[in-house]
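Okay, structure first, notes after.
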Amino acid sequence: MNRNGSNGGSAARSLALYAAYVLLAVAILIYILAFFAGNTGIAINGGAINEERNSITIALSEEPPQLDSTRSTDAVSFVVLAHTMEGLIAYDQNDQLTPGAAERWEIRDDGATFWIREEATWSDGQPVTAHDFEFAWKRVLDPDTAAQYAFILYPIKNAEAVNQGDLPKEMLGVRAVTDLVLEVDFERPTPYFDKLVAFNTYFPLREDFFESTNGRYGADAAMLLSNGPYILTEWVHGASMVWEKNPYYWNSEKGLLDEIVTAYITNDANANLNLFKDGQIVQTGLTAPMLPTAMEQRWQIDRFMDGTLFFLEFNHREDRVTDNLNFRKALYFAQDPSELVYKVLKEASYLPAESLFPIWIQGLQGAFRKEYPLPKHSLDLEKAREYLDLARQELGLEDFPPIILLTGDSSLSLLAAEYYQELYKKNLGLELRIDAQIFKQRLAKMTSGDFDIVMAGWGPDYFDALTFGDLFASWNLNNRGRYQSEEMDNLVRTAQSELDPQKRMDAFGSIQELINSDVVIIPMYERGVSFVVDPRLKGFKRRSVGPQVDYNYAYIDSSQN
Amino acid sequence: MTNLTSTDFEPIRHAQEIQGISRPSLSYWRDAWIRLKANKRAVSSLFLVIGLLLFTIVGPIVWNVDPALQDLDQVGQPPGSGRLAVIVNEYEPWAGESEAIGTGLRLAENATTMAVRLKWDNLSSAVGYRIYRNIFPVGPERAYGIPLAEYFDNTVLYFEDRLDLKPRRYYYSVVPIDATGILLDGYQTITVDVLRVTTLAEVESQGLSAANINLEIGDSVNLALHPLGTDYLGRDMLARLMAGARVSLFIGIGAPCLFILFGIVYGSIAGFLGGRIDQIMMRFADFVVALPFLLFMILFKIAFGIGPGESGIFPMLVALVILMWPATARLVRGQILQIREQGYIGASRLLGAKTNYLILRHMLPNTLGVVLVTITFAIPGAIFIEAFLSFIGMGVAPPTPSWGSMSNEGIKNMLTSPHELILPAILISVTVLAFNLLGDGLRDALDARLRNQE
């Protein structure tokens, strides 16, 4: 008995000892692994703001596919390029045009001239010249480049023909008169050309550097040449980036930080929130479910309307029921965007949409929507059912076939889709089928017309009503529902080339009315974003046109500690 | 010689029975049932399974609520929240006119869940105003809360809040801003208690009151009852859980029954025939095991021509049956191979039993125990696969719910309304656990070797 007891005791003791050894070994292993992990890639400097190094840490939502400004189309590439590159004209902190690489410019009816500043320098010390712009623009329009944003250069003479391959590149209406003077001829009068020039696709590109990369321009940190406030010095694909101050950059008001570390690439909103909470990144967006947390943390929440309009776009192709005007009207009167925004989406920074033209579009003196108001829309079920009966008679249908609602795969668009599904079932007895697709697939289906209604969004490319106004011209490739109307085409032509501002605005007013009376779309909401910024960071800017987030003017205010 | 008398030739009287069967003879199944009944875990899980079936089949008859119906006045309500509402007039757009007197930030009229209308006075320094709402007091750090709106126009001195108003206390602040949107000093704040309201039209359309009662503005009424709360679109959680159970259990019970039936037939043929045919058949089973499940799910969905917005449940069932049978087939084949060599089979064969008789009378019944256990373990597996596929969006199409898709939706609102995730997650866990415990109990009860160890 005694032996047994002592045996048991020593067994328990040695077992405890083993457990302690194992725990110790695991702990040591974790530290060793953490040490090696810390040494791989870019050492994460720990902390959103490092005052000693004058550096900040940020997160990007996705990895840019490549950073060739002539070919990039996505928002993340635009963000990076806005920090590493500079066009002829840029936007200042108040979204006003400000000289960029060009120190002055002149826009005439038939063309424009840009005088490039002498101080403008590439990140290898060579001067930026007019030839760099000429080369870049010709490359954008080269059919072999297949740049998706080529259309934004179409105001330049012969641009469309060059892009279609009908004319040689040499016929493009742009030429460097001297190293510092760039001359542009227009296809048609383009009074808003200064706003276009600030866009990414108009950024310069130096021929000798481009040739030296053997077609890998923009694929890596070493394959990039910058003329903006920052240089991309490290790019670990899929993981992180470092932007450092460009020593050759001319403007002392921009590029105030020595280093911006993109330590995280994630589009998980909750992950970003936790990083911000832990003081690892300087700013993050907040979705509706995160707002109680943000209030509890007593953060100073900020808001911003990002300028994008979301709408239900109908398929106007002839074989679809949505081609019927009365059917579209029925759908229009059976919904109320304010219910969608306030009760379903619950996003504090969203605004129920009323028109194709968002609230921030400028008219002649004040806001466009104040100068050209639309009648207030309200839910009217009786009217909706009347229109539906009319549509039923016109189409000769007993029952409507199931309507395919094409939508994105984000939780917010699925939420809206489920809301519409039940709304139209309850109010009109229609069956909606939700077709949720990833962005690329949705775009492919939109282009081929494989939908009845699509939930689409459109963000502005430049600060002019035309960025929304020409969307439903019959020749616009982004008119995915193939809406066709003689009247619309005439109005868009007027808006594009009319020089009298009053007449031009009137054309936009008529476009707005036509969209509304023809129910080309059902406006859903204007998107905004709620976000928090580290109080020590000043000068951070969100933009509706250009990069969504802009650190070009950002600096660290150490008095906030 | 001894004299023999007739008494010597009387038959011996039967001795008192020494050995006898004291209990009625027990069949295999009866014995198993007794042993199962003795297993408390197994019995309670059996009751759980029965309860679950009642929940799925009888539940929707008792709680007859459309699982797709959206009650947008009660979005994301946790179970057991208050639902007494006051009837008010229909909503009408408001352009800032008000008779409310006073100074500073003030309510233009009573705050309700329909709208909170605020007014304030102009400050000479302000270019515009920004309106905030908080669920906590503003405090010295000036955490104003959520910015609701921003006006770069100091003539706009009113604001109407309609964003997701709950019957609770809010702290509204108005902060003057300059032309670039920088916050200035001089903020004003107000505490607002919001009252839950509804309209007569809403009461009528939802049938919230008995027809013979005439309700008027100002009366109180109970909003629709949701015993387990509502989800992010105001749909009744109980009704959705019941509808979801139908999908989950259809896959969970239907698929295992079908693929196990196929597995038995396949396995017993292979095992009985043996030799080359057995080799070929089992290599084919190995081939099926190697097929990637998820890829085949996607392929089936396309092959079945399941269009957008249509339910993927049927291809899921087919895919499960086609891909999951080899495990059962192997098990049954192993059993048959073993039984084939047993003495009683040889004896039966010598007595002239035909193949059919051998298989049906001797072999299959002896594999049934194993098969029953496999089924009870396959059911939770299939339920889990359904939940997983619906979770990643390969299963049901909205608005049809399933427990997996409900969890997927619930996880997005985990922080604000946790019940949307917890309830379906609990049901998945309980169901899977119940079937597993039942299977465990059945295995113990049916295992002949354990019989005499008591």
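The values are calculated or read from the model by the stated rules, or taken from the named source; none is laboratory data. Treat the numbers as computed from the prediction; the structure is a model and nothing was measured. Cβ placement follows ideal geometry from the backbone for every residue including glycine, while neighbour counts extend to all protein chains displayed.
If you scan region A:304-351, which residues turn out to be within 14 Å of another protein chain (Cβ to nearest Cβ) and among the acidic types (D, E)?
Of everything in region A:304-351, those that are within 14 Å of another protein chain (Cβ to nearest Cβ) and among the acidic types (D, E) turn out to be A:D306, A:D336, A:E339, A:E347.
Please tell me if A:Q512 is in contact (Cβ under 8 Å) with a residue 40 or more places away in the chain, assigned to a loop (DSSP other than H, G, I, E, B) and assigned by TED's automatic domain parsing to the domain that holds A:K343. So that I can check it myself, show each step before the final result.
Numbers: in contact (Cβ under 8 Å) with a residue 40 or more places away in the chain: yes; assigned to a loop (DSSP other than H, G, I, E, B): no; assigned by TED's automatic domain parsing to the domain that holds A:K343: yes.
No.
Let's see how each residue does on (1) in a loop (DSSP other than H, G, I, E, B); (2) out of contact with any helix residue (DSSP H, G or I) (no Cβ under 6 Å at 6 or more places or on another chain); (3) closer than 21 Å to A:T145 by Cα:
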{"position": "A:F210", "(1), (2), (3)": "no, yes, yes"}
{"position": "A:R216", "(1), (2), (3)": "yes, no, yes"}
{"position": "A:L225", "(1), (2), (3)": "yes, no, yes"}
{"position": "A:G228", "(1), (2), (3)": "yes, no, no"}
{"position": "A:L232", "(1), (2), (3)": "no, no, no"}
{"position": "A:Y249", "(1), (2), (3)": "yes, yes, no"}
{"position": "A:G255", "(1), (2), (3)": "yes, yes, no"}
{"position": "A:T262", "(1), (2), (3)": "no, yes, no"}
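Among (1) surrounded by fewer than 18 Cβ atoms within 10 Å (Cβ to Cβ); (2) out of contact with any helix residue (DSSP H, G or I) (no Cβ under 9 Å at 6 or more places or on another chain), where does B:Y28 come up short?
In the conditions (1) surrounded by fewer than 18 Cβ atoms within 10 Å (Cβ to Cβ); (2) out of contact with any helix residue (DSSP H, G or I) (no Cβ under 9 Å at 6 or more places or on another chain), B:Y28 misses (2) alone.
For region A:316-371, enumerate the residues that are in a helix (DSSP H, G or I) and in contact with an Asp or Glu (Cβ under 6 Å, 6 or more places away or on another chain).
Keep residues of region A:316-371 that are in a helix (DSSP H, G or I), which gives A:321-323, A:325-333, A:337-345, A:368-371.
Across region A:316-371, the qualifying residues are A:T322, A:F333.
Is there a residue being outside any loop (DSSP other than H, G, I, E, B), more than 14 Å from chain B (Cβ to nearest Cβ) and within 11 Å of A:L182 (Cα to Cα) anywhere in region A:91-100?
There is no residue in region A:91-100 that is outside any loop (DSSP other than H, G, I, E, B), more than 14 Å from chain B (Cβ to nearest Cβ) and within 11 Å of A:L182 (Cα to Cα).
Tell me, yes or no, whether region B:306-318 has at least one residue that is within 30 Å of A:V454 (Cβ to Cβ), among the β-branched types (V, I, T), in the same structural domain as B:N436 (by TED's automatic domain parsing) and buried (at least 20 other Cβ atoms within 10 Å of the Cβ). It would help to see each step written out before you state the result.
Within region B:306-318, the first condition is being within 30 Å of A:V454 (Cβ to Cβ), and the residues that meet it are B:306-316.
Those left that are additionally among the β-branched types (V, I, T): B:306, B:313.
When the remaining residues are screened for being in the same structural domain as B:N436 (by TED's automatic domain parsing), the result is B:306, B:313.
Those left that are additionally buried (at least 20 other Cβ atoms within 10 Å of the Cβ): B:313.
Looking for residues that are within 30 Å of A:V454 (Cβ to Cβ), among the β-branched types (V, I, T), in the same structural domain as B:N436 (by TED's automatic domain parsing) and buried (at least 20 other Cβ atoms within 10 Å of the Cβ), one finds at least one in region B:306-318, hence yes.
With the requirement that a residue be in a helix (DSSP H, G or I) and either surrounded by 11 or more Cβ atoms within 10 Å (Cβ to Cβ) or of a type in the set (A, V, I, L, M, F, W, C) (or both), what does region B:339-354 give you? Working first, answer last.
Of the residues in region B:339-354, the ones in a helix (DSSP H, G or I) are B:339-340, B:343-350.
B:I339, B:R340, B:I345, B:G346, B:A347, B:S348, B:R349, B:L350 - these are the residues of region B:339-354 that are in a helix (DSSP H, G or I) and either surrounded by 11 or more Cβ atoms within 10 Å (Cβ to Cβ) or of a type in the set (A, V, I, L, M, F, W, C) (or both).
Can you name every residue in region A:371-391 that is without any contact (Cβ under 8 Å) to a residue 12 or more places away in the chain, farther than 24 Å from A:S510 by Cβ and within 14 Å of chain B (Cβ to nearest Cβ)?
Answer for region A:371-391, where residues must be without any contact (Cβ under 8 Å) to a residue 12 or more places away in the chain, farther than 24 Å from A:S510 by Cβ and within 14 Å of chain B (Cβ to nearest Cβ): just A:E382.
Checking the structure you have, find out if any residue of region A:340-358 is polar (S, T, N, Q) and under 26 Å from A:E394 (Cβ atoms).
Going through region A:340-358, the residues polar (S, T, N, Q) turn out to be A:349, A:355.
Then drop every residue that is not under 26 Å from A:E394 (Cβ atoms), which leaves none.
No.
Exactly one of (1) surrounded by 18 or more Cβ atoms within 10 Å (Cβ to Cβ); (2) touching a strand residue (DSSP E or B) at 6+ places or on another chain (Cβ under 8 Å); (3) closer than 17 Å to B:S205 by Cα is unmet by B:V75. Its number?
B:V75 satisfies every listed condition except (3).
If the requirement is being of a type in the set (V, I, T), more than 38 Å from the chain's Cα centre (by Cα) and within 12 Å of chain A (Cβ to nearest Cβ), which of these qualifies: B:T180, B:T189?
Values: B:T189 fails: within 12 Å of chain A (Cβ to nearest Cβ).
Being of a type in the set (V, I, T), more than 38 Å from the chain's Cα centre (by Cα) and within 12 Å of chain A (Cβ to nearest Cβ) holds for just one of B:T180, B:T189, which is B:T180.
Which condition number in (1) modelled with pLDDT of 90 or more; (2) within 24 Å of A:I359 (Cα to Cα); (3) in a helix (DSSP H, G or I) is the one that A:Y483 fails?
Against the list (1) modelled with pLDDT of 90 or more; (2) within 24 Å of A:I359 (Cα to Cα); (3) in a helix (DSSP H, G or I), A:Y483 comes up short only on (3).
When you scan region A:510-521, how many residues do you find that are at negative phi and surrounded by 20 or more Cβ atoms within 10 Å (Cβ to Cβ)?
Our first condition is that a residue be at negative phi; within region A:510-521, this holds for A:510-518, A:520-521.
Then drop every residue that is not surrounded by 20 or more Cβ atoms within 10 Å (Cβ to Cβ), which leaves A:511-512, A:515, A:520-521.
Total satisfying the criteria: 5.
Looking at A:R71, A:R13, which is the one that is over 22 Å from A:E244 (Cβ atoms) and either in a helix (DSSP H, G or I) or modelled with pLDDT of 90 or more (or both)? Walk me through how you get there before you give the answer.
Working: A:R71 fails: either in a helix (DSSP H, G or I) or modelled with pLDDT of 90 or more (or both).
That would be A:R13, the only listed residue that is over 22 Å from A:E244 (Cβ atoms) and either in a helix (DSSP H, G or I) or modelled with pLDDT of 90 or more (or both).
Is it fair to say A:L388 is under 27 Å from A:F304 (Cβ atoms), assigned to a helix (DSSP H, G or I), in the same structural domain as A:A507 (by TED's automatic domain parsing) and not acidic (D, E)? Can you show your working first?
Working: under 27 Å from A:F304 (Cβ atoms): no; assigned to a helix (DSSP H, G or I): yes; in the same structural domain as A:A507 (by TED's automatic domain parsing): yes; not acidic (D, E): yes.
Taking the combined requirement at face value, the residue does not satisfy it.
Just to be sure I understand the filter: pairs with C-beta atoms under 8 Å, separated by 6 or more residues or on different chains, first member in region A:277-306 and at positive phi and without any contact (Cβ under 8 Å) to a residue 24 or more places away in the chain, second member among the hydrophobic types (A, V, I, L, M, F, W, C) and crowded, with 18+ Cβ neighbours inside 10 Å. Which pairs pass?
A:R298/B:A143
Please determine, by comparing only the residues of region B:138-152 that are more than 8 Å from chain A (Cβ to nearest Cβ) and without any contact (Cβ under 8 Å) to a residue 40 or more places away in the chain, which one is surrounded by the fewest Cβ atoms within 10 Å (Cβ to Cβ). Working first, answer last.
Pass one, region B:138-152, residues more than 8 Å from chain A (Cβ to nearest Cβ): B:138, B:140, B:149, B:151-152.
Next, only the ones that are without any contact (Cβ under 8 Å) to a residue 40 or more places away in the chain stay: B:140, B:149, B:151-152.
Working: B:P140: 7, B:A149: 19, B:Y151: 17, B:F152: 15.
In this case the residue turns out to be B:P140.
Does region A:222-230 contain any residue that is of a type in the set (G, A, S) and within 21 Å of the chain's Cα centre (by Cα)?
If we filter region A:222-230 for residues that are of a type in the set (G, A, S), which is where we start, we get A:222, A:226, A:228.
Filter once more, so that each one left must be within 21 Å of the chain's Cα centre (by Cα): A:228.
Looking for residues that are of a type in the set (G, A, S) and within 21 Å of the chain's Cα centre (by Cα), one finds at least one in region A:222-230, hence yes.
Going by the conditions given, is A:L97 modelled with pLDDT of 90 or more and under 28 Å from the mean Cα position of the chain (by Cα)? First the steps, then the outcome.
Values: modelled with pLDDT of 90 or more: no; under 28 Å from the mean Cα position of the chain (by Cα): yes.
No.
Of the residues A:F333, A:F368, only one is closer than 23 Å to B:R162 by Cα, crowded, with 18+ Cβ neighbours inside 10 Å and in contact (Cβ under 8 Å) with a residue 40 or more places away in the chain; which?
On the way: A:F368 fails: closer than 23 Å to B:R162 by Cα.
Going through A:F333, A:F368 in turn, the sole match is A:F333.
Picking from A:R108, A:R104, A:R117, which residue would you name as being closer than 19 Å to A:N246 by Cα and either not assigned by TED's automatic domain parsing to the domain that holds A:V242 or not aliphatic (A, V, I, L, M) (or both)? So that I can check it myself, show each step before the final result.
Values: A:R108 fails: closer than 19 Å to A:N246 by Cα; A:R104 fails: closer than 19 Å to A:N246 by Cα.
The conditions single out A:R117.
Restricting to region A:122-179, and then to whatever is in contact with a Ser or Thr (Cβ under 7 Å, 6 or more places away or on another chain) and not hydrophobic (A, V, I, L, M, F, W, C), can you tell me which residue is nearest to A:Y249 (Cα to Cα)?
Filtering first and then ranking leaves A:S123.
Determine which single condition B:A126 fails, assuming it passes every other condition in (1) touching an Asp or Glu at 6+ places or on another chain (Cβ under 9 Å); (2) at pLDDT 85 or above.
Of (1) touching an Asp or Glu at 6+ places or on another chain (Cβ under 9 Å); (2) at pLDDT 85 or above, only one is false for B:A126: (2).
For B:F388, which of the numbered conditions (1) crowded, with 21+ Cβ neighbours inside 10 Å; (2) closer than 24 Å to B:L295 by Cα fails to hold?
With respect to (1) crowded, with 21+ Cβ neighbours inside 10 Å; (2) closer than 24 Å to B:L295 by Cα, B:F388 is out only on (1).
Can you tell which of A:A147, A:A159 is free of Cβ contacts under 8 Å to residues at least 40 places away in the same chain, touching a Leu at 6+ places or on another chain (Cβ under 8 Å) and small (G, A, S)?
On the way: A:A147 fails: free of Cβ contacts under 8 Å to residues at least 40 places away in the same chain.
A:A159 is the lone residue from the list that is free of Cβ contacts under 8 Å to residues at least 40 places away in the same chain, touching a Leu at 6+ places or on another chain (Cβ under 8 Å) and small (G, A, S).
If you check A:D399 against the conditions, is it assigned by TED's automatic domain parsing to the domain that holds A:N315, without any contact (Cβ under 8 Å) to a residue 24 or more places away in the chain and either not in a helix (DSSP H, G or I) or not aromatic (F, W, Y) (or both)? Spell out the reasoning first.
Details: assigned by TED's automatic domain parsing to the domain that holds A:N315: yes; without any contact (Cβ under 8 Å) to a residue 24 or more places away in the chain: yes; either not in a helix (DSSP H, G or I) or not aromatic (F, W, Y) (or both): yes.
Against the criterion (assigned by TED's automatic domain parsing to the domain that holds A:N315, without any contact (Cβ under 8 Å) to a residue 24 or more places away in the chain and either not in a helix (DSSP H, G or I) or not aromatic (F, W, Y) (or both)), A:D399 qualifies.
Tell me, yes or no, whether region A:399-408 has at least one residue that is of a type in the set (D, E), surrounded by fewer than 21 Cβ atoms within 10 Å (Cβ to Cβ), away from every other protein chain (no Cβ under 11 Å) and over 28 Å from the mean Cα position of the chain (by Cα).
Yes, region A:399-408 contains a residue that is of a type in the set (D, E), surrounded by fewer than 21 Cβ atoms within 10 Å (Cβ to Cβ), away from every other protein chain (no Cβ under 11 Å) and over 28 Å from the mean Cα position of the chain (by Cα).
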